[in-house]
Every structure is written in C-alpha cells, then in structure tokens.
1. Filter region 216-245 for residues that are among the polar types (S, T, N, Q) and in a loop (DSSP other than H, G, I, E, B); which is farthest from Leu376 (Cα to Cα)?
2. Arg202 passes all but one of (1) within 21 Å of Pro259 (Cα to Cα); (2) of a type in the set (Lys, Arg); (3) in contact (Cβ under 8 Å) with a residue 24 or more places away in the chain; which number fails?
3. Out of region 141-161, which residues are among the hydroxyl-bearing types (Ser, Thr, Tyr) and in contact with a Lys or Arg (Cβ under 9 Å, 6 or more places away or on another chain)?
4. What are the residues in region 315-345 that are part of a strand (DSSP E or B) and under 16 Å from Leu382 (Cα atoms), if any?
5. So which residues in region 426-459 are touching a Pro at 6+ places or on another chain (Cβ under 7 Å), among the aliphatic types (A, V, I, L, M) and touching a residue at least 40 places away in the same chain (Cβ under 8 Å)?
6. Restricting the search to region 100-122, which residues are open to solvent by 50 Å² or more (accessible area, probe 1.4 Å), within 25 Å of Ala163 (Cβ to Cβ) and touching a residue at least 24 places away in the same chain (Cβ under 8 Å)?
7. Among the residues of region 373-383, what is the count of those that are in contact with a helix residue (DSSP H, G or I) (Cβ under 9 Å, 6 or more places away or on another chain) and part of a strand (DSSP E or B)?
8. With the requirement that a residue be of a type outside the set (A, V, I, L, M) and either buried (at least 21 other Cβ atoms within 10 Å of the Cβ) or in a loop (DSSP other than H, G, I, E, B) (or both), what does region 418-428 give you?
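The values are calculated or read from the model by the stated rules, or taken from the named source; none is laboratory data. Owing to the predicted nature of the structure, the values given are computational and were not obtained by experimental measurement. Reconstructed Cβ throughout: ideal geometry from the backbone, glycine too, with neighbour counts over all protein chains shown. Protein only, heavy atoms only, side chains kept; ligands, DNA and RNA dropped before computing areas. Shrake-Rupley method; radii C 1.70, N 1.55, O 1.52, S 1.80 Å.
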Amino acid sequence: YVAAVYEHESILSPNPAALVERRSALELMGRNLDIYEQQVLAAARQGAQIIVFPEDGIHGFNFTRSSIYPYLDFVLHSHSGQWNPCREPYLFNDTEVVQRLSCMALKNKIFLVANLGTKQPCERTDPRCPADGRYQFNTNVAFDADGTLLATYRKHNLYFEYAFDTPPEPDYTFFDTPFAGKFGMFTCFDILFFEPAVNLIRRYNLKQIVYPTAWMNQLPLLSAVEFQQAFATAFNVNILAANIHHPTLGMTGSGIYTPVKSFIYHNMESYGGKLIVAEIPVITTDYKTSLEKTPGRVSGRGNQHSPPSFYAEMMYDNFTFVPVWGEKGELQVCANTLCCYLNYQRAVLTDELYALGVFDGLHTVHGTYYVQACALVKCGGLSFSTCGQEVTDATALIDFQLWGNMSTPYIFPLLLTSGITLDFADHMGWKNNHYFISKNRTSSGLLTAALYGRWYEKD
C-alpha cells in the first residue's frame, strides 16, 4: 500500500502561557491546518491511501492547563455509533478542528491520522475528575476515506505535559482499512513503555502502526529515526511515524518503516516541512521477529586481557566502558547481571575512539524506566570522558558482532551510521541465551551499534 507521513514545522503561539479566546486559538490552528490541507492533496496526488501528521502539530506546545483550554476540541471518546464531522458538523459544539480534518479525508478520499487536544466534561462524582470539572487529553484521531471518525487514542505516557490528563485506563486503539488491515495507534513517549504500545501489538497481533510524535532527539541511543526503525524491527511491524520539525529544539526525524527497509527524513539544517510518500508491503505472516529465539552464530567469549574499563555518562546514565583499540579484537564489559561482548575488525585504522559500554539499571532522568543496554559507540573525541557524547559523523567502517546475556526479551537493535542514517544488521536474534547483532561493513562510518533492552517489569 502507499503511505504518507508529514514532518510539520508547526506555527507556534508566541506566548503559549497567555490566555486567549477560542477565536484566536482557532485562527492559529487554522494556519497549521491550511498547511495540512495542501499536504493531504499532495499525498493523494501521489497515490497515498493513508497520511499521518505529528503530535502537537496543530496547536503547538508549552501550554499550561488553563492556557490550552481554548485550543481543545470536544471529541467523544467511545465507540457509540458513527460520526462524520464533515457531514454532521452540527452534532457537537467546539469541533472545528475535527471538522476540517474530516473534510480533508473526505475530499481527498484518504485515511487520515492527526493529533489534537481534546476536552471531556466530568462529573463531580467521578473521583478522578480534575478540580476544573473536565478532562484534557492529548488525542490522536483517525478518519476513513469518507471522513468518518474511526478511532480516537488518548496518550497514556505523558512527557512533562502539564496541560493534559492521563486517561483512567490505557486505550488499546486500532482501526481497520481495506488496503492493509488493522492499524494500531499510540503517541511519542508511549513507544518506550509496555502499556499500551507493546500490549496493543501483542494482544491484537497488529502489523501496522501509525505514530504521531513530537520527539526531541537524544544521541547516541534515542534519536527518532534510530528508535523508530528499531521498534519496527523488534516487533516485525510497519510504522508510519510523523514528527514535528523544530531543529532548534532538536526535533526532527520521521519515516515510513518496515522491518527491513525504511524511508526516512532527518534534517537539523533547514526549515520547513517534509512529505514522505512510499509504497510498502502489507505484513501478513509472522516472520521470525527479533523477540523470538532464532539460531545464530555466537563465537568466542571475549579474551581475558581486556583493556582498562572506565565510567562515563551517556544519556544521563552511568555506563561502564572499555575502549575499542586496534584494528581487531574481542572485548567484554559487565555491569550488574549484564555482560556485553564484542568481536570487531576495522577496515582501516582511523584516529577515532570507539568504546563498548554497558548499562543495567533504572534510568531516572526525563522519565523512569529500566534499561539493559550493550552499546558500541563512537566517542566525541579521543579522551575517555568524551564517550557517550552526541556524535553525528564518523568515518570508521567496522565489522562487528555484538552480544549480551540480556534478561528481557524486549531488545531494540540500533544501528546508526554517519549523518544520522540507518543501516540494517546482517543477522540478529537469540543464541545460547544471548541476544546478538552482527554486521559486515556498514554503508558509512559507524556511529552506534547497540542492543537497547527494556525490562518493563522493573520499571
């Protein structure tokens, strides 16, 4: 099927904390929706059957609970009958944004997914009802090619979004399409947690995911395109990921991903939005996913004459590293219960420092979650203290096999090359209770090769 995602440079309120009238909120959102309208038309002309827009693309961000209120639409979150906002605009008040989105889908005969803020009044008898008498949700909406509202999803894992409430229960949201079957739906930070993302995919055996996000890139392990691709690979799904484009805030990175190929956009240099349209296969069968035990070759155990280990901070976690010296070798490094092993061979010796790092513990900055990671990274400079820094360019071509005795089955294989481009492993999977990833000759200089494990039970 043909899919489209749009990385949108949203027109933002100059003062999001200011209280404004609904009219001026609609005026600002209307300017973003004007751009959406052009992009839906462009995507439809290229044959797209579905288009996905990013999180916060219509209203922006950095609101307070009260300042976002004029930007919120009323959207019924339930499966109580069908509503076509374009054809039945009179059913509810404060639905101007969903009406426009619905009409875009209808006019262009395309499935459309977008993110907006929604409100829902609640009863004082509801013990969870906020003091102001309403719920405010970060919401995705999906429309069919006729403009009918098919599904809503309320973001569960909020990322410092004080304007919004967490829904009382996780939403397990998916919708059906005639061209690719069921699509699951979640938002941004959700991708790092078991609920609802992993549970949704497993419970309903979903193979296609739509994913609006407003993601701030964090190298070396959590840049948007890197993790989106790893997620598609780990769960054997297609992901249509739309990010917003604000390079000054570190926000870029969208794509259409299959487990073995991707069409991505990552651009920290220029401004303006970007439409990606690609034809991808519908995944129907269960290939071996990287979460299953698959045979593979795991050689050696790392020699006992490992170079000195050292500590450095990477992404706010205290990693234990060993330097990767010389043109070839075998290394191991351990922390807590996790040991990571590396066999490597460099095509040419360059004067770049690489290190093999391990972390097995609770990550506590910008969210709390348990990580088990084995990571081969290029350091920022030639001293040990630069290992773990954000690096975007590299020249070293390295053949490697990386493996670890991971305690969780949820392993996201990361492979990032120079210029924030993606590469794909030759082999990966489980062998002798170790998870491994191997690659002969990356397409360009190696930035990161890592096994990023999420031990959800220990969150």
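1. Here the residue is Asn243.
2. It fails just one condition, (3).
3. Just the residues of region 141-161 that are among the hydroxyl-bearing types (Ser, Thr, Tyr), to begin with: 148, 152-153, 159.
Residue satisfying the conditions is Thr148 alone.
4. Taking region 315-345 first, the residues part of a strand (DSSP E or B) are 317-324, 328-335, 338-345.
Correct list: Phe321, Val322, Pro323, Val324.
5. Answer for region 426-459, where residues must be touching a Pro at 6+ places or on another chain (Cβ under 7 Å), among the aliphatic types (A, V, I, L, M) and touching a residue at least 40 places away in the same chain (Cβ under 8 Å): Met428, Leu447, Leu451.
6. Arg100
7. Qualifying residue count for the region: 0.
8. Hits for region 418-428 are Ser418, Gly419, Asp423, Phe424, Asp426.
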